[in-house]
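**Q** One structure, as structure tokens, below. Some questions next.
The values are calculated or read from the model by the stated rules, or taken from the named source; none is laboratory data. Quick caveat: nothing in here was measured; it's all calculated off a predicted structure. Here the Cβ positions follow ideal geometry from the backbone for every residue, glycine too, while neighbour counts run over all protein chains shown. With ligands, DNA and RNA removed, areas are computed over all heavy atoms of the protein, side chains included. Shrake-Rupley method; radii C 1.70, N 1.55, O 1.52, S 1.80 Å.
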Amino acid sequence: MLRWLRQSLRQVSSLMARRPVLVCGAILLSVLLLLAVTFTCSRAKNVVASARPPVRFFSAEAPVVDLYLGQLEQVERLRGAAEVSVIFFYAPWCAHSIAARHEVQEVARRLVKQVQFVAVNCWWSQGKCRKQKSFYQYPVIHLFYKRFGPIEYKGPFMASYVERFILRVITPLTYLPSRATLQDFLSFHEPGVVGYFQFSSSPQPPGYITYLSSALQALKRDFRGAVRFGVVTSRQVAESISVRDDQTVYLHRHFNSSLIFPSWERNFTSEGICSWVFEHRETVLQWLAPTGAKSRLLEQELTKGPALLLFLPHNPLGPGPDLLLTQIADVAVRYHSCSDSPHHHHPSDHYYYSGPSQPLSPPLCCLSVVLPRPHPLPGSTSRVCELCLNQSNPGRSPHCTFPSQTSGGAAVLQSYLRRCCLPVAVTATATTVACSNILSSYSPSSGRYSACCRTLGQLGVSLPPQQGLGLDSEGLGTPPPSPSSSQDSSPSSQDQEAGVFKGLRCRTNKTLRFYILDSALHWPLAVRLGALGNNEMGGGGLGELGRLLGNGTGDGARSFATIVNLKDEVHYVLDHRGTATVTESLELFIRNFSTPHSPLQRRLVGRREEEEERPQKRPLISELTTSSFLSTVMDPHRDVVLFYYSQWCGYCSVLNHVIIQLARMFHGNSTVTIARVNVARNDLPWEFMVDHFPSVLLFPRHRKHLSVKFPEDTPITLPTLLRFILKHSDSAHQPMKADGSDPNPHVLLKAEFRALQGEVQTLHRARQRLSNQLAQLWRDNRRLSFNAVALETHNALLQAQNGELQRERLSLVEQHKEKSRQEEEGGEARGDGR
């Protein structure tokens, strides 16, 4: 290697010795390159202008210490002088920081006597905050309670939410002086933690600060404070929950055994207590707060199973408990109460149990069949036959096995239906329910079938008139009323229905999770799920009921309830018609969903029709929505060509001119409709969905069940679409008789196509004539332009000649004047000589 390097250097030296000009050129080029780099770097220092010095972000009147220069060292001094401090980190250019500034000022004015508010500019490049902190977004709020902190606030930047969070930090524990207050504290649906500490022996008993820190640790995890922490100092009050030892942490649970913190197994630290509480707590209602940005929060929750989303108006600073939320929590608690008989209490266990042991009655399996009306009259209602299975063995879990679900049992079911709803005279005011009990040994479990004839209005749910088969959830676990007791609804029947709903979570495979969302923050999501607009109430059945409760859900409040099943890609919307209270409405809605054959109808959400009056002229392309889809596509008198597209599909936009040309060719045709639907904004029934965009489907008239899809391997052009329509139109439809029949549609389409071809040829000829005329006009215009140029040149020449003549005339005038002057002078001279 070294030998090769020496040889290379010798060759370069000999070459440079033979050609000294090359050596000088290389040296000169290097010097010029060095000077160019030095000159460029010296001028680059003045390219970037220095940043402007920051100014105050908060007004001088606001009770907020604004460290707009990023003085992070002063934060420690200010925080040490106050018991509770709120640090607001912001960036002056951030829109979220600007929007949150007014909210923080409003909270600071109300809590200025209790909390120290400090704002720090964390964007100024010369400040310590920018150098020491690494925030990924702004604004950021940190709370400090004495020596504990920081507690980051992760909720919405609204004054009510921020103030509520600060108040929870100021008072993280609830003092429980009596058994009544303890009972009220544990009666809430939210998890409750109780700590027992004796303050008689010491003003600050051991473990109390650790327990207080665990309550603040819980606020770190959940800014709403869903887990409530209380403290008991009286031994008599502590003994009511079987707590006798000092420094004991008790976790109350509604459905399972309440627990005592195992200090003999875990370290008694704030983080350990908080982790233990969140690990063993029971949650029946969970608050959701989507950020509005890119987040997978909803996906993570909805993939766990069917979810009941409740959009409710929420005021964090409202006085007292929310009555509407309390009733919904009561429904959720009874839904999750799977057993009334808790486990036996062992004296050696540190658990607390309450409630007597009561066996549950076995639930019934019911089947509902909507019967067709033989003579539909205005105002008449459809009748439904309820067929319920009451097993003789209550200890055995019921299996819903009906004759229609077994081979060869359809005839048996028809016999039940014929004997169930017999033809009776029904008056306009008839409210009786005709029932008949049928004893059958057909069931493998030797069960007893009860058949009851009802109307749709008595079921409390709106069913379509021709729904074939479905389970009615109102009859679940409740035997049909007998003829003697059908006239009156006694309180015992209501209690029986309540018992049917209690513990439904453990008797169905469709377990629901309850989620609460603030309608004021997340109403656009509710609208996308089927709620009404901003100026209308609810659409989910709770708006009117909330107003009746008088609990803050007035004209400006909106409520909505829906069940979302992400696995089946369906969702259902609550309809409160026929029910009087929130409890009845929600229970019926949940029972209908929990039945194996749910009578609930999938909610199809689409773009709303325009409110203004539409023009009478038929549009070139019919834009379909969810509400107008079936009426247009299933029109038996038209062949409908449907174009599926989406606003994010780029190839769909490329094909717009093809669809427009196709629509122009069939415009005015009374048998063919060109339509399109935006599938991204309009939900469609499953049988009408496609697997990719764009897609073209043809629904021939009189044969809607024989729809044809445009071949995927064929390019979508105007000729291919015309061949597709002519081939798959209603040609299989037999022509009707001569007495008012229509000719073959295939022949009509061919004749129209020929007429369209003739019109196109005529248009081509007219276009050619027009092109010739335009060419002649262009030539004439060009000739006139040349003539105009020639005239302008001639005019310029004439003007030049005119100027020369004027100059000659002036010169002649001057010569004439000169001769006249000379003659006058000569005459005067001759006169003087005489």
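**Q** Restricting attention to segment 313-339, and to residues there that are more than 23 Å from SER257 (Cα to Cα) and among the small types (Gly, Ala, Ser), which single residue is surrounded by the fewest Cβ atoms within 10 Å (Cβ to Cβ)?
**A** Checked segment 313-339; the qualifying residue surrounded by the fewest Cβ atoms within 10 Å (Cβ to Cβ) is GLY320.
**Q** Within the set of pairs 6+ apart or on separate chains, which have a first residue in segment 81-107 that is within 16 Å of VAL120 (Cβ to Cβ), a second that is among the charged types (D, E, K, R), and C-beta atoms under 6 Å apart?
**A** Once the first residue is within 16 Å of VAL120 (Cβ to Cβ) and sits in segment 81-107, its partners that are among the charged types (D, E, K, R) give SER85/ARG79.
**Q** Going residue by residue through segment 156-173, is there one that turns out to be among the small types (Gly, Ala, Ser) and either at pLDDT below 90 or open to solvent by less than 10 Å² (accessible area, probe 1.4 Å) (or both)?
**A** yes
**Q** Give me the residue from segment 617-635 that is at pLDDT below 85 and more than 24 Å from the chain's Cα centre (by Cα) and, out of that set, most open to solvent (accessible area, probe 1.4 Å).
**A** The selected residue is LYS617.
Residues are listed down the side, and each one gets a yes or a no for (1) under 21 Å from ARG638 (Cβ atoms); (2) among the basic types (Lys, Arg); (3) open to solvent by 50 Å² or more (accessible area, probe 1.4 Å); (4) in contact with a helix residue (DSSP H, G or I) (Cβ under 6 Å, 6 or more places away or on another chain):
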site	(1), (2), (3), (4)
SER653	no, no, yes, no
ASN656	no, no, yes, no
ILE659	yes, no, no, no
HIS667	yes, no, yes, no
ALA680	no, no, no, no
PRO685	yes, no, no, no
VAL696	yes, no, no, no
PHE724	yes, no, no, no
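**Q** Now a separate question. Among the numbered conditions (1) among the aromatic types (Phe, Trp, Tyr); (2) touching a residue at least 24 places away in the same chain (Cβ under 8 Å); (3) open to solvent by 100 Å² or more (accessible area, probe 1.4 Å), tell me where PHE786 comes up short.
**A** If we test PHE786 against (1) among the aromatic types (Phe, Trp, Tyr); (2) touching a residue at least 24 places away in the same chain (Cβ under 8 Å); (3) open to solvent by 100 Å² or more (accessible area, probe 1.4 Å), just (2) comes out false.
**Q** Which one of these does VAL232 not meet: (1) open to solvent by 20 Å² or more (accessible area, probe 1.4 Å); (2) touching a Pro at 6+ places or on another chain (Cβ under 9 Å)?
**A** Of everything listed in (1) open to solvent by 20 Å² or more (accessible area, probe 1.4 Å); (2) touching a Pro at 6+ places or on another chain (Cβ under 9 Å), VAL232 misses just condition (1).
**Q** Given (1) part of a helix (DSSP H, G or I); (2) surrounded by fewer than 22 Cβ atoms within 10 Å (Cβ to Cβ), where does PRO206 come up short, assuming only one miss?
**A** (1)
**Q** Follow-up question, since we're still on this one. Could you run through segment 256-271 and say how many residues are in contact with a helix residue (DSSP H, G or I) (Cβ under 7 Å, 6 or more places away or on another chain) and exposed (fewer than 15 other Cβ atoms within 10 Å of the Cβ)?
**A** Final tally of qualifying residues: 3.
Each row is one residue, and each column tells you yes or no for (1) in a helix (DSSP H, G or I); (2) surrounded by fewer than 10 Cβ atoms within 10 Å (Cβ to Cβ).
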| site | (1), (2) |
| --- | --- |
| ARG10 | yes, no |
| MET16 | yes, no |
| SER30 | yes, no |
| PRO53 | no, yes |
| ARG56 | no, no |
| GLN74 | yes, no |
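**Q** Looking at (1) of a type in the set (A, V, I, L, M, F, W, C); (2) under 26 Å from GLY530 (Cβ atoms); (3) surrounded by 18 or more Cβ atoms within 10 Å (Cβ to Cβ), which is the one condition that is false for CYS274?
**A** Every listed condition holds for CYS274 apart from (2).
**Q** Please go through segment 287-310 and pick out each residue that is in a helix (DSSP H, G or I), under 19 Å from GLY155 (Cβ atoms) and open to solvent by 30 Å² or more (accessible area, probe 1.4 Å).
**A** Those that are in a helix (DSSP H, G or I), under 19 Å from GLY155 (Cβ atoms) and open to solvent by 30 Å² or more (accessible area, probe 1.4 Å): LEU297, LEU298, GLN300.
**Q** Any residue at all in segment 221-243 that is assigned to a loop (DSSP other than H, G, I, E, B) and of a type in the set (Phe, Trp, Tyr)?
**A** Taking every residue of segment 221-243 in turn, at least one turns out to be assigned to a loop (DSSP other than H, G, I, E, B) and of a type in the set (Phe, Trp, Tyr).
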